[in-house]
Amino acid sequence: MRSGEGGTAVIVAAVTYSIVARDPATGAFGVAVQSHWFGVGSIVPWVRPGAGAVATQSIPELRHGPEGLDAMARGGDAEEVLRDLLAGDPSVAYRQIGIVDRMGQARAFTGASCIAHAGQATGDAYTCQANMMERDTVPAAMAAAFEAAEGRPFGDRLLAALDAAEAEGGDVRGRQSAALAIAPAGGEPWERDADVRVEDHPDPLAELRRLVGLRRAYVLADTGDALSGAGRLDEAAGAYADAAAAAPGNAELRFFAGLGAAQAGDLEAGVAQVREAIEWNPRLAELLRRVPEDMAPAAPAVRGRLEAG
């Protein structure tokens, strides 16, 4: 529970498992979490460039997230920030918190009244914490999976920890929502490398992976847009092609991959891809008619070829 306005008791249960970590390769901060609770992504994960990451769960005090980040942004380390957050908390026995600071120091706390099985496992620049688990082996399994995934992209390492938790039985109640939040090492407070949430789903980890993959595809498409705007058409075509390959069956990305190929000089391949995209989503034919030439110089040629049959 936590104190609401006027001292009213507000109960927010986020019984869950999570990992909080700093990527040694890039300095990015991340939290990945799964719970049998609606919309866990708006409760547990807190990340900020240049500061660190916090997971607040069990019966969380939501202020621990932003206040912990504020304290780390001012220079506090994970140990002192955790101590200060818990000091004077009348419901400290129900709290579970994981923190990683800008230097990679990791600290965690599991209150004595967290529902069994509850515990934590802390390593170099990461901490895993879980409560109301099927087995008490969940945190250690998460830590082992995260370490075993060294060398893989940071987000994939975080997701590997969640998969390991589920393989150990996960939340005793089942599954419902999941989230992945990653902030770059530095930048404005609102900047994110990823902020993906599954609010309610029968298999939230599978859906989270799908959305993370789709996000990567759109990031590639954004890269293609930037390259195209800079006149680097061959590189843009490659980025658009990679985006379409990362999300097979996505009509919009196939459409822009086709325009990219045409702009790079391969009109036949471009027309084929745009034609296929329109077959998947006929509304894209109208988009082809409307797209400005300064955005896609090859659009008139592609449209002419399609209209000619």
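The values are calculated or read from the model by the stated rules, or taken from the named source; none is laboratory data. Keep in mind the model is a prediction, meaning the values are calculated, not measured. All Cβ positions, glycine included, derive from the backbone under ideal geometry; neighbour counts span all protein chains shown. For the accessible areas, the whole protein counts, side chains as well, though only heavy atoms, and no ligand, DNA or RNA atoms are used. Shrake-Rupley method; radii C 1.70, N 1.55, O 1.52, S 1.80 Å.
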| query | Counting Lys and Arg as +1 and Asp and Glu as -1, each charge on the Cβ, what is the dipole of the chain about the Cα centre in debye, to the nearest 20? | reply | 320
| said: What are the extents of the Cα atoms of the range 117-179 along their three principal axes, in Å, largest first? | reply: 33, 21, 16
| query | For the range 158-222, what is Rg from Cα atoms divided by 2.2 N^0.38 Å, rounded to two decimals? | reply | 1.26
| query | So what does log10 I(q)/I(0) come out to for the range 159-284 at q = 0.16 Å⁻¹, using the Debye formula with one equal point on every Cα and no solvent? | reply | -0.86
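Calculate the FRET efficiency for Arg283 and Arg74 from the Cβ-Cβ distance with a Förster distance of 45 Å, rounded to the nearest 0.05.
0.35
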| said: With +1 assigned to the C-beta of every Lys and Arg and -1 to the C-beta of every Asp and Glu, and no other charges, what is the dipole magnitude of the range 228-309 about the Cα centre in debye, to the nearest 20? | reply: 220
| Simple spin-label estimate for Asp222 and Asp203 in nanometres, 7 Å along Cα-Cβ | 2.8
| message | Suppose all protein chains stay in the model; what accessible area per residue would a 1.4 Å probe give for the chain, in Å²? | response | 45
| remark: Between the alpha carbon centres of the range 198-252 and the range 103-160 the gap in Å comes to 29
| field | Value of D in µm² per second that Stokes-Einstein yields for the range 26-180, Kirkwood Rh from Cα pairs, at 20 °C (1.002 mPa s) | value | 141
| said: I'd like the carbon and sulfur percentage of the solvent accessible area for the range 161-294, probe radius 1.4 Å, heavy atoms only, ligands and nucleic acids excluded. | reply: 50
| Just the Cα atoms of the chain: what Rg and Dmax do they give in Å? | 22.9, 75
| query | How much of the accessible area of the range 9-140, probe 1.4 Å, is carbon plus sulfur, in whole percent? | reply | 54
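Of the peptides 60-67, 229-236, 288-295, 39-46, how do they stack up when ordered by the mean number of other Cβ atoms within 10 Å, highest first?
Numbers: 60-67: 18.6, 229-236: 14.6, 288-295: 11.5, 39-46: 22.8.
Descending packing order for the listed peptides: 39-46, 60-67, 229-236, 288-295.
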| remark: Reduced to Cα centres, the span from the range 295-309 to the range 77-93 in Å works out to 62
| task | Under 14 Å from a label point 7 Å along Cα→Cβ of Arg303: give me every residue in the range 264-284 with its amide N that close. | result | 284
| Where Rh is the Kirkwood radius over Cα pairs, Rg/Rh for the range 154-193 | 1.12
| request: Please provide three numbers in whole Å: the alpha-carbon extents of the range 88-204 along the principal axes, with the largest listed first. | output: 38, 38, 28
| remark: Percent of all Cα-Cα pairs per 10 Å bin for the range 28-91, counting from 0 up to the last occupied bin, reads 22, 53, 24, 1
